[in-house]
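S.K.: I'd like to ask you about the structure that follows.
The values are calculated or read from the model by the stated rules, or taken from the named source; none is laboratory data. Just so you know, these numbers come straight off a predicted model, no measurement behind them. Cβ sites come from the backbone with ideal geometry, for glycine too, and all protein chains shown count toward neighbours.
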Amino acid sequence: MADSQQILKQIEFWQVVDATATTIFSQFVPINSVARAFVTAVATRPSNGDTKSWMRTVLVKRAGASPAISGSVVDVMTPIADAGASTWDLTFVVNGNNIDIRVTGQAAVITAWSVEIKILFMQDHA
């Protein structure tokens with residue numbers, strides 16, 4: 001028998017984000033499950049108005065000991081960015097038994113992030 005669930009999360013995240021990836025959300029992935037995460041995000045640098053936007057999705061499955069990304073992260077739309085925001089990034093990383101969403105800005109710049117996360121789970125209880 002399989003169970004399914006949906007997680008919706010809205011994050012408004014203000015922080016100095018260096019060129020080091022920062023985890024803004026982490027979700028446990030149960031054994032014998034598959035999860036699809038869909039993320040829409042907007043980031044801006046309030047001091048000068050640089051902006052960037054993403055729509056990305058990823059499929060993660062966990063058949064045994066640890067989860068793995070199936071295939072690759074897919075851009076639903078090509079990220080839209082001002083030239084000053086071209087190095088900013090949003091990505092998915094498997095971290096232990098979790099899937100993390102990480103953002104990367106640029107050194108010594110205050111960046112504002114608004115992120116909407118939708119995760120669909122299907123777990124087999126056979």
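S.K.: Can you find a residue that is within 15 Å of residue 124 (Cα to Cα) and either touching a Ser or Thr at 6+ places or on another chain (Cβ under 9 Å) or not basic (Lys, Arg) (or both) anywhere in segment 68-76? Reasoning before the result, please.
M.R.: Going through segment 68-76, the residues within 15 Å of residue 124 (Cα to Cα) turn out to be none.
Scanning segment 68-76 turns up no residue that is within 15 Å of residue 124 (Cα to Cα) and either touching a Ser or Thr at 6+ places or on another chain (Cβ under 9 Å) or not basic (Lys, Arg) (or both).
S.K.: Of all residues in segment 8-60, which are more than 21 Å from residue 82 (Cβ to Cβ), surrounded by fewer than 19 Cβ atoms within 10 Å (Cβ to Cβ) and over 13 Å from the mean Cα position of the chain (by Cα)?
M.R.: Across segment 8-60, the qualifying residues are 20, 28, 30, 31, 32.
S.K.: Here is a check on your reading of the model: is residue 74 modelled with pLDDT of 95 or more, touching a strand residue (DSSP E or B) at 6+ places or on another chain (Cβ under 9 Å) and not small (Gly, Ala, Ser)? Full working, then the answer.
M.R.: On the way: modelled with pLDDT of 95 or more: yes; touching a strand residue (DSSP E or B) at 6+ places or on another chain (Cβ under 9 Å): yes; not small (Gly, Ala, Ser): yes.
Taking the combined requirement at face value, the residue satisfies it.
S.K.: With the requirement that a residue be surrounded by 18 or more Cβ atoms within 10 Å (Cβ to Cβ) and either of a type in the set (Gly, Ala, Ser) or within 10 Å of the chain's Cα centre (by Cα) (or both), what does segment 103-118 give you?
M.R.: Narrowing segment 103-118 to residues surrounded by 18 or more Cβ atoms within 10 Å (Cβ to Cβ): 103, 105, 109, 111, 113, 115, 117.
Correct list: 103, 105, 115, 117.
S.K.: Do any strands (runs of 3 or more DSSP E) entirely within segment 1-108 hold 3 or more residues that are free of Cβ contacts under 8 Å to residues at least 40 places away in the same chain and more than 14 Å from residue 119 (Cα to Cα), and if so, which? Explain how you work it out, then say what you get.
M.R.: Details: elements: 2-16, 22-28, 33-44, 51-62, 68-81, 89-95, 98-104.
Output list reads 51-62, 68-81.
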